[in-house]
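Contents: one structure, followed by commentary.
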Amino acid sequence: MAKILCVLTGASYWTLKDGHRHPTGYWAEEFVAPYSVFTDAGHEVTVATPRGTVPVVDTMSLEPRMAGGEENALREEAVIEAADELRHPISLKEVRLEDYDAVYYPGGHGPMEDLSVDADSASLLRKALASGKPLGIVCHAPAALLATRDTNGNTPFANYRVTGFCNEEEIGVGFADKAKWLLEDELKKLPTQYSRGPAWKPYTVVDRNLFTGQNPASSGPLAKELVEALS
């Protein structure tokens, strides 16, 4: 049995460029699908957030039109209800990487608000990358990589091959013209070797111990790759 640290956003809103606070959180599928893969494989999951804030699910992600139908939405809601780990997160500041075998970051627009500037998350990401332990980051969660830059703008993630939520997908959900910045643009500037697949289809990229997924549909496949790397 492996111990997997799941780092979630603690944000309940995302500040848009006009100052409006759009309600958000973590994206249901991006927690539920990997959590199910990890626990079904017999692994233990611990949830961590900034300051140990209890994470909130983006309610839009549980709407049937976003969750792939009503049945799937109800199934995801049931998994979230049953996952006690979500109610008892530890603070990112208290995380000891040596206690875990892998680290996984789900997305949602929340990480654009908090993890993109969170120093404790940045420290964990730098250590996880250097450790060689599997590090999985999906959808909007690669925003957390932006916080890993030092005062000179350098990051250990520079020139890694990555993916993440693309501009076409952000246009599709109606936020591209409202956001302060777009993830695809910022990942390219970091710089990383950003690539993407077709919008909304599963697409994952593996570079050394870094595993990234483009969108919600990529979270399940990404989790399976992480489990494989642990075996």
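The values are calculated or read from the model by the stated rules, or taken from the named source; none is laboratory data. A quick note: this is a predicted structure, and the numbers were derived from the prediction, not measured. For neighbour counting, all protein chains shown are included, and Cβ atoms are generated from backbone atoms with ideal geometry for every residue, glycine included. The area values use the complete protein model at the heavy-atom level, side chains included, leaving out ligands, DNA and RNA. Shrake-Rupley method; radii C 1.70, N 1.55, O 1.52, S 1.80 Å.
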Mind listing just one residue for me: the one in region 114-158 that is in a loop (DSSP other than H, G, I, E, B) and free of Cβ contacts under 8 Å to residues at least 12 places away in the same chain and, of those, nearest to Thr49 (Cα to Cα)?
-> Asp150
Members of region 217-231 found to be under 23 Å from Asp58 (Cα atoms) and open to solvent by 40 Å² or more (accessible area, probe 1.4 Å), listed by number = Pro221
Just for region 159-178: of the residues that are free of Cβ contacts under 8 Å to residues at least 12 places away in the same chain and assigned to a loop (DSSP other than H, G, I, E, B), which one is nearest to Met112 (Cα to Cα)?
-> Ala176
For region 122-138, how many residues meet the condition of being under 18 Å from Ala2 (Cα atoms) and open to solvent by 20 Å² or more (accessible area, probe 1.4 Å)?
-> 3
Per-region count, region 98-113, residues open to solvent by 20 Å² or more (accessible area, probe 1.4 Å) and either in a helix (DSSP H, G or I) or not hydroxyl-bearing (Ser, Thr, Tyr) (or both) | 4
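Results for (1) within 14 Å of the chain's Cα centre (by Cα); (2) of a type in the set (D, E, K, R), shown as yes or no for each residue.
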| residue | (1), (2) |
| --- | --- |
| Cys6 | yes, no |
| Gly10 | yes, no |
| His20 | no, no |
| Ala48 | yes, no |
| Gly52 | no, no |
| Arg65 | no, yes |
| Gly69 | no, no |
| Asn72 | no, no |
Does Ala119 count as small (Gly, Ala, Ser), touching a helix residue (DSSP H, G or I) at 6+ places or on another chain (Cβ under 8 Å) and open to solvent by 30 Å² or more (accessible area, probe 1.4 Å)?
-> yes
Answer yes or no as to whether Ser12 is modelled with pLDDT of 95 or more and more than 23 Å from Lys224 (Cα to Cα).
-> yes
The lone condition Tyr203 fails out of (1) of a type outside the set (A, V, I, L, M); (2) within 17 Å of Pro34 (Cα to Cα); (3) touching a Lys or Arg at 6+ places or on another chain (Cβ under 8 Å); (4) without any contact (Cβ under 8 Å) to a residue 40 or more places away in the chain is (4)
Subset tally (residues that are of a type in the set (Gly, Ala, Ser), open to solvent by 30 Å² or more (accessible area, probe 1.4 Å) and under 26 Å from His22 (Cα atoms)) for region 175-216 | 0
